[in-house]
Amino acid sequence: MRTTRSRDRASMHRLPVEVQDLVLLQLPKEAVLACRLVCRGFLSRATEIAFRHVELRSIRNLWHHPDVVGTPPHIESFRQISEAEHLRGLVHEVTLDAFEGYEASNYCGQRPFLRVLPRLACFRNLRTLNVRFNKIVQRELVSHHHLFHVHNSRESTKFRLQVLHIAINALSGAYTDKTPVNRTSPLFDPDKLYPQPGHPKFPNTDPRPIGLEGLTIANLSPYDAHLIDPGALRTILAAPSFRSLKLLVTRAGYERRGGEIMPRVHFLQPENHHFYSRIPLAWLSPAVAQNLRVLSLYDAHYWGWCPVMNFRAINPSGGGLPNLRVLALGRHVFAHDWQVDWIAGLAAATNSTTPAAGLEELYLDDCPIIWHARIKNPHSGSMWYQPPSDPETEDLSFQLRWHDVLPRWRDAFAGSRLRVFSMGRGDWKGDAQAPEGAGGIRGTRARRGDGVFLSYDLPPPRKVRCGRFGFRYSYCPRRCEFPCGATPRYGVGLRPARKDVMQYIQFDLDPWPRGKWVEGIGGVDSDTKLLDDQALEDFMETLGLHWSH
């Protein structure tokens, strides 16, 4: 028996590398680390997989007891990996989770997180950076009673800006052992627990920028983006190796009303309009747009009409996004013909650096057409908010319909490289990762739902029978016993139910200075719905695409 087991262990490393990767990538990190003990030949590959992705969190480990003092283990682990020369070269992806949780006991402190963050510059082979914040934006530190629990908001705008500033400067080559020491910086450590930039023992000595290939930011606030150093950001995004940009924007916050803290969505704040007007200049400048292959733009609230996003301003002299292959839009509102024409123009991009260029995958996640709006001031497509001069509201009607849009896209993409077209609604609430009946820490469901702008191309949820004649889309069994965080069984991609496809929406601005989107077919009659269905069927059949709903 001992000889047989020895032969099994010895034969593991003889498998093709592709098969080894398939096995190791399905295992949790703890199991991959244990696989290094299988045999000496398996050690190298298991080590590469185990340290390919590193995570740094500002919240305590979910199972870390709050009474345990000292540096959280995940922060200490991040420091040790950055100092180990044989391990830091294996890191290709880093996740910075700055979400500090809803419970004060889970809070490990901003200072340890910020002090270890400059070591991001030590991972010279880094290719992908993921950043995640809280979806609630706070201008200052406040404690308030929200829903049925006390929400201790520690993730202020100042902390969010510090995280972005340090991460961007670390990638742009600003942090080395020769960097001048700033004693007023939050990075300054008088106890010298972690050698900071400018210290002789700081692990990074290379001042060159890191050639990043992909950047994802979840819950980016327009106010945060307004204060980011544009020079350092341009250094990262304009790198020749940069190919993928994925952003999830949030505008949710709190305000005082009658002495109470109440939730609100900042629809008409000037920084919201300023952010979307600067995307073509700061985030999608000509140097970035020329090489970009994957673009995912999501917002937790509807955008595109209010605030306006002018896609035509993206690299106008260079052909827009000539090498774009994948476009995913989340909760983007179609209102104008030029929005439809811009997507149609991606079918055969000009000034491309590669032959046979053109869009290959298009995903529309909860992207409706607006048919009616009631506003306080004439919007008229302006990118800038102007206070209403007339207290009376104005009604606007829009004539754009899906059976007008799809034929234009059909004609534009006929004979193109488009092979995937998907509409529906993604896992915005995190139902797939935190199923009904599963245990876990409060906030885990919303925490996992922040990945909706990354899961658009995954398989859709399973279609199961509901009742005698109906069906519903289920992310997982209704009575699910597997622990929170387990791999979803049926897919987390776009749910292609008819109610989530080819939607229409209206915008109703109530007396408060905030917007409220009301879903529903409203003024769109049943004949329009029938024409839309026929247009979609003709679109998919003409392009040879598969659709099921």
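Assorted remarks:
- Every residue from region 255-280 that is at pLDDT below 85 and closer than 24 Å to PHE453 by Cα: PRO263, ARG264, VAL265, HIS266, PHE267, LEU268, GLN269, GLU271, ASN272, HIS273, HIS274
- Looking only at residues in region 267-316 that are farther than 18 Å from ILE343 by Cα and aliphatic (A, V, I, L, M), the one that is surrounded by the most Cβ atoms within 10 Å (Cβ to Cβ) is VAL288.
- Counted residues, region 405-432 - those being assigned to a strand (DSSP E or B), touching a helix residue (DSSP H, G or I) at 6+ places or on another chain (Cβ under 8 Å) and either of a type outside the set (Lys, Arg) or more than 21 Å from ILE370 (Cβ to Cβ) (or both): 3
- Restricting PRO391, PRO460, PRO435, PRO387 to those that are touching a Leu at 6+ places or on another chain (Cβ under 8 Å) and modelled with pLDDT under 90 reduces the list to PRO460.
- Residue match in region 42-53 (condition: within 22 Å of PHE99 (Cβ to Cβ) and at pLDDT below 65): no
The values are calculated or read from the model by the stated rules, or taken from the named source; none is laboratory data. As the structure is a prediction and not an experimental result, all values here were calculated from the model. Glycine also receives a Cβ, built like all others from the backbone with ideal geometry; neighbour counts cover every protein chain displayed.
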